[in-house]
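S.K.: My questions will all concern the structure given below.
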Amino acid sequence: MKSLPLTDEWFHGAVSLEHREEGIKPWRIPYRDYDLYPPDGINGKAEICSGIRLRLATGSRILALSFSPLAEAAALDCLIGGVLLQTLRLAAGGTEALFTGLPSGMKELEIYLPQNTGITLSGLQIEDEAAAEPLPDNRPRWITYGSSITQCVAASSPSRTWPVIAAGKCGFHLTNLGFSGNCLMEPMAGRLIRDLPAELITLCVGVNIYGAAASSPRMFKPLLIGMLETIREKHKETPLAVISPIYGTERETEENKLGFTLPLMRREIAETAKLLQERGDRHLHYLDGLEWFGPEDGRLLTDGLHPGAEGYELLGSRFGGRLEAALQGGRL
């Protein structure tokens with residue numbers, strides 16, 4: 001085996017890449033602005049690698065990644081031409097992923113990093129006689145922002161999260177800003193999305209604000225307006241879809257301590273989208289979360305809130321279908 005120079009060109013889906021003595025650490029925020037995303041980089045979620053991948057063209061039949069010890073058990077996926085070939089499941093403390101039995105001949109590989117933990121890569125190796133080069137991703141860029149339901153820890157593996165499934169189906173270059181428990185519409189999150197290149201932006205908001213009681217009904221709509229208007233400062237005509245919460249069992253009827261229920265949130269989100277559409281935003285769309293994942297799908301929730309692996313597959317397939325229809329002239 002021989003080592004390849006570990007450079008930024010291999011990485012896709014990260015907001016920033018931190019070069020450390022031990023290797024390269026991908027982030028889903030600008031890591032130099034870590035202190036501006038309290039507490040601890042969006043509660044520790046910004047270092048998690050959901051949606052981040054390596055892309056390369058190589059003729060090697062073996063690929064090895066080395067990294068600093070994993071903080072917890074995790075999985076990595078190897079895709080060839082967009083099709084999942086291997087999933088490696090590693091224990092906490094693991095430091096190497098070895099993909100073997102890859103087809104001979106030149107091929108396009110993607111290695112998806114864990115959706116549940118951070119990672120610092122220290123090495124990339126292929127067979128001695130093989131060659132490899134970074135594989136660009138020139139597809140339209142899609143940014144999706146959301147909660148744990150967008151980060152998708154419970155997906156069967158990193159490439160089986162719903163955003164990755166939908167991006168693959170529709171041909172998008174994905175940046176996943178799903179922050180488990182921390183989709184609270186902070187001003188810095190709006191500024192982050194505003195400053196990233198994108199041909200499509202989707203925001204799935206509400207459920208973390210319900211759970212954390214982070215905003216009252218009085219402030220929820222102003223927070224959402226502020227986020228959308230901030231994004232529009234640099235994405236004036238980018239298609240932007242705001243999505244209300246999917247079905248949430250008891251959250252549909254039980255008020256949180258600030259008087260919110262999910263139906264009330266859906267109404268507030270729909271009214272906000274209509275308000276901005278009536279003010280001339282022709283590229284803003286609203287998607288009712290219940291049309292995406294409704295009461296009839298509740299059996300796929302593992303705890304009354306989070307879809308399990310089967311539920312994330314369903315979300316990805318359905319969302320990909322809606323994106324395809326929109327790209328062909330329909331509406332989300």
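S.K.: Listed residues Ile42, Ile48, Ile52; which is among the β-branched types (Val, Ile, Thr), crowded, with 20+ Cβ neighbours inside 10 Å and either touching a helix residue (DSSP H, G or I) at 6+ places or on another chain (Cβ under 6 Å) or on the phi > 0 side of the Ramachandran plot (or both)?
M.R.: Just a single option satisfies the conditions, and that option is Ile42.
S.K.: Quick one: would you say Leu301 is in contact with a helix residue (DSSP H, G or I) (Cβ under 8 Å, 6 or more places away or on another chain) and within 25 Å of Gly226 (Cβ to Cβ)?
M.R.: no
S.K.: In the set Gly93, Gly123, Gly105, Gly101, which member is touching a strand residue (DSSP E or B) at 6+ places or on another chain (Cβ under 7 Å), small (Gly, Ala, Ser) and in contact (Cβ under 8 Å) with a residue 12 or more places away in the chain?
M.R.: From the options Gly93, Gly123, Gly105, Gly101, the qualifying one is Gly123.
S.K.: Can you list residue pairs whose Cβ atoms sit under 7 Å apart, with the first residue in segment 208-222 being at positive phi and the second being surrounded by fewer than 14 Cβ atoms within 10 Å (Cβ to Cβ)? Count only pairs 6 or more apart in sequence or on different chains.
M.R.: Ala213/Lys257
S.K.: Kindly state which strands (runs of 3 or more DSSP E) lie completely within segment 116-190 and contain at least 2 residues that are crowded, with 24+ Cβ neighbours inside 10 Å and outside the structural domain of Lys25 (by TED's automatic domain parsing).
M.R.: By residue number, 141-146, 173-178.
S.K.: Can you name every residue in segment 11-60 that is of a type in the set (A, V, I, L, M) and either more than 16 Å from Leu135 (Cα to Cα) or modelled with pLDDT under 95 (or both)?
M.R.: Of everything in segment 11-60, those that are of a type in the set (A, V, I, L, M) and either more than 16 Å from Leu135 (Cα to Cα) or modelled with pLDDT under 95 (or both) turn out to be Val15, Leu17, Ile24, Ile29, Leu36, Ile42, Ala46, Ile48.
S.K.: Do you know which of the residues in segment 238-288 that are without any contact (Cβ under 8 Å) to a residue 60 or more places away in the chain and of a type in the set (Gly, Ala, Ser) is farthest from Thr202 (Cα to Cα)?
M.R.: Gly259
The values are calculated or read from the model by the stated rules, or taken from the named source; none is laboratory data. Quick caveat, the model's predicted, so the values are computed rather than measured. Glycine also receives a Cβ, built like all others from the backbone with ideal geometry; neighbour counts cover every protein chain displayed.
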